[in-house]
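Read the structure below first, then the notes.
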Amino acid sequence: MLLSYLLRSGACPASLLLGVMFMDFARLEKIILSVCIEAGYELVEIDIAKSKSGDKLTIYIDNLGKITIDDCVKVNNLIEQKTEIDSFFVNEYTLEVSSPGPKRPLKKIEDFYRYKGKKIKIISSSFYEDKKNIFIGEIEDIENNFIKINDSGKLYKIDFSDIEKANLNI
C-alpha cells in the first residue's frame, strides 16, 4: 500500500534488485507503521532505492502537514532501535526519515477527503473525456470512491481505482 512506485510498478520483482525479499515488505511496513503510530505520526510512504554506496530506506511521515526536523530525528531514532529491520536488507543501507513535502503523495481515499479544496495532480491509468489522463486542479468532492476534480473550469470524475499517482500540487 505505501511502497514506492518502483516497488509497486510490478512487471519485475524490483525487490530482488534491491536485495530485499518482496514477501517481506508487508512485515517491514508493519514494523515501520507501528513505530509511526506509537509516536503519533502518519506513515505516508516507504521508498527503497539502490545506489553504488548501498541501499537507502526513506520513510516519509506526516502530522497534519507540520513535520519538523525534530520529528524526523525522533522517528529515525525509534526506527533505528528496531534492529529486526536490518534483516530485511542483504546490503548495508542508509535510513532517512523525511516529510513528504509540498508535493505530498495522496495514497488513500482518506487523503483526498483531508485535502478537499486543495490543488492536486492526478495521473490516471484510464483516459477520460478528451483522451485526458493527467489532471491538475482542486478537489471539489469525493463521492462513492470517485474524486471530483476541477481542472481549468471543467469537472472530471476520476475513479479512485484508476489513480496511478496523485499528489498535492501546491
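The values are calculated or read from the model by the stated rules, or taken from the named source; none is laboratory data. Bear in mind the structure is a predicted one, so any value in this text is a computation, not a measurement. Note that we place each Cβ from the backbone using ideal geometry, even for glycine, and neighbour counts take in every protein chain shown. We work out accessible area using only protein heavy atoms, side chains counted, and drop any ligands, DNA or RNA first. Shrake-Rupley method; radii C 1.70, N 1.55, O 1.52, S 1.80 Å.
The figures follow:
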quantity: Whichever residue in region 68-99 is modelled with pLDDT of 95 or more, in a loop (DSSP other than H, G, I, E, B) and closer than 23 Å to Lys50 by Cα and, among such residues, is least open to solvent (accessible area, probe 1.4 Å); calculated: Ser99
quantity: Residue list for region 48-75, filter: polar (S, T, N, Q) and closer than 20 Å to Arg27 by Cβ; calculated: Thr58
quantity: Residues (modelled with pLDDT under 95 and small (Gly, Ala, Ser)) located in region 3-47; calculated: Ser4, Ser9, Gly10, Ala11, Ala14, Ser15, Gly19, Ala26
quantity: Region 138-153 residues that are at negative phi, paired with ones that are of a type in the set (Ser, Thr, Tyr) and assigned to a strand (DSSP E or B) (beta carbon under 6 Å, 6 or more apart); calculated: Ile149/Tyr156
quantity: Subset of region 32-65 that is open to solvent by 20 Å² or more (accessible area, probe 1.4 Å) and under 15 Å from Pro105 (Cα atoms) - its residue that is nearest to the chain's Cα centre (by Cα); calculated: Glu45
quantity: Boolean, Phe146 is under 20 Å from the mean Cα position of the chain (by Cα), among the aromatic types (Phe, Trp, Tyr) and more than 20 Å from Gly65 (Cβ to Cβ); calculated: yes
quantity: Residue list for region 149-170, restricted to those being open to solvent by less than 60 Å² (accessible area, probe 1.4 Å) and under 13 Å from Tyr115 (Cβ atoms); calculated: Ile149, Ala166, Asn167, Leu168, Asn169
quantity: Among (1) exposed (fewer than 14 other Cβ atoms within 10 Å of the Cβ); (2) outside any loop (DSSP other than H, G, I, E, B) - the single one Lys121 does not satisfy; calculated: (1)
